[in-house]
Structure formats: structure tokens, C-alpha cells
Amino acid sequence: MNKRKPIAARVLAALLVAAACAGAAPAAHAREHDAKVADASQMLPADVQSAVGVVDRFSAALQAGDLKTVELLLDAGVLILESGAAERSRQEYLVHHAGSDMDFLKDARVQLVQRTARRSGALVWVGSESEIHYRKDGHAISLLSTETMILKEIAGNWQIVHIHWSSRARKPDAG
């Protein structure tokens, strides 16, 4: 059994829709942040929008504990890389790690900072940078998180075929 800490959850949370996170931030900052994220989303090429929607659905499903949706959006042969470890299939991820990701995300607040996406044929890659805020042992903790997802269009539907998650603690003076 995989005994890694739920770092994937912290990083995966990076893709949650900014609107889901705005309520937890101070109102003025939240409006400003949401406007920037909305602008960034509108600036993404039109041919990647549906794939980016799948990334958002996947992240929201993890945070909501919706294992069925997570399963539906992952390709059976997905490769997930995180912290020097690999999960080489949807089933391996669902059995070994999805639960800890969901447990972590249910109380985390995720702020999408930047997103980039490009298409090449039947593939789209989506790169996201986020801040993840949570509490552990009564202490507020913030992570800087990056995520890359590659999606493949299969029979008109986007499936996640690869995920790479990385995160680190945010330094107190980091803005």
C-alpha cells in the first residue's frame, strides 16, 4: 500500500475552480483574484476550453469526495507522477491515493493563480499554478502548487492520461 503523504491532494487541489475558493478569501481580494483568473481563462485558446473544463471537474470531484466522477475522467492507463513516485493506472490511483487526496482537499482552500493550456492534435496539456491553504494541528499552512495534466480526446470525450503534481511550502514573506 502506498504510504505517501497526501501531497497529490495538495497539488491536485490547485486546479479547483477559482469561484469555489472565492468565498473563503476577503471580499475585495477575492473579487480581484477572481477577475484575474477569469481573464486568464478567457485568454486560453478556444480549442482547449473543453479539456480545461475536464481538469476543473476532476479537481472539484476530488474536493467533493466524488470518486465516481474522478474514475470517469481518468483514462484506465493514466500515469500519475508525484514526489518521485508513480501510479501507473487509474485503478492504482483509486485504490492507493485518491482517498487521501479527497480527505486533504475537503477542508482546503485552493486559489488558482495562473493557467496555461495548449492543444496538439488529439492531446491538450494544461499547466496550473495555485496556492493551497489549510490547517494542520491548529496552524495555518500555505503551499505553492504546480500541476500538469495531459488529456487525450477519445471518441469525442477528454480523458486525463497523465498528471504531474509538485508543491512546496510557501515562505511567510512570499506574496
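Here, each number is a calculation from the coordinates, and none is a lab measurement. None of the values given here were measured: they were computed from a predicted structure. Ideal geometry is used to build each Cβ from the backbone, glycine not excepted, and the neighbour counts take in all protein chains shown.
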Going residue by residue through the stretch 46-53, the Karplus relation 6.51 cos²θ - 1.76 cosθ + 1.60 with θ = phi - 60° gives ³J(HN,Hα) values, rounded to whole Hz and with x marking Gly or Pro, of 4, 6, 10, 4, 5, 5, 4, x
Any residue on another chain or 5+ positions along whose placed amide H is under 5 Å from the amide H of Arg170 is listed here as Ser142, Leu143, Leu144
Checking rank on 64-72, 52-60, 100-108, with mean other Cβ inside 10 Å and highest first, the result is 52-60, 100-108, 64-72
In whole percent, the Cα-Cα distances of the stretch 63-175 spread across 5 Å bins from 0 upward as 2, 10, 18, 23, 22, 14, 7, 3, 1, 0
Listing Thr116, Thr146 by rising number of other beta-carbon atoms within 10 angstrom, fewest first, gives Thr116, Thr146
Extend 7 Å from the Cα of Ala155 along its Cα-to-C-beta direction; within the stretch 61-88, residues with backbone N under 14 Å of that point are 72-73, 75-76
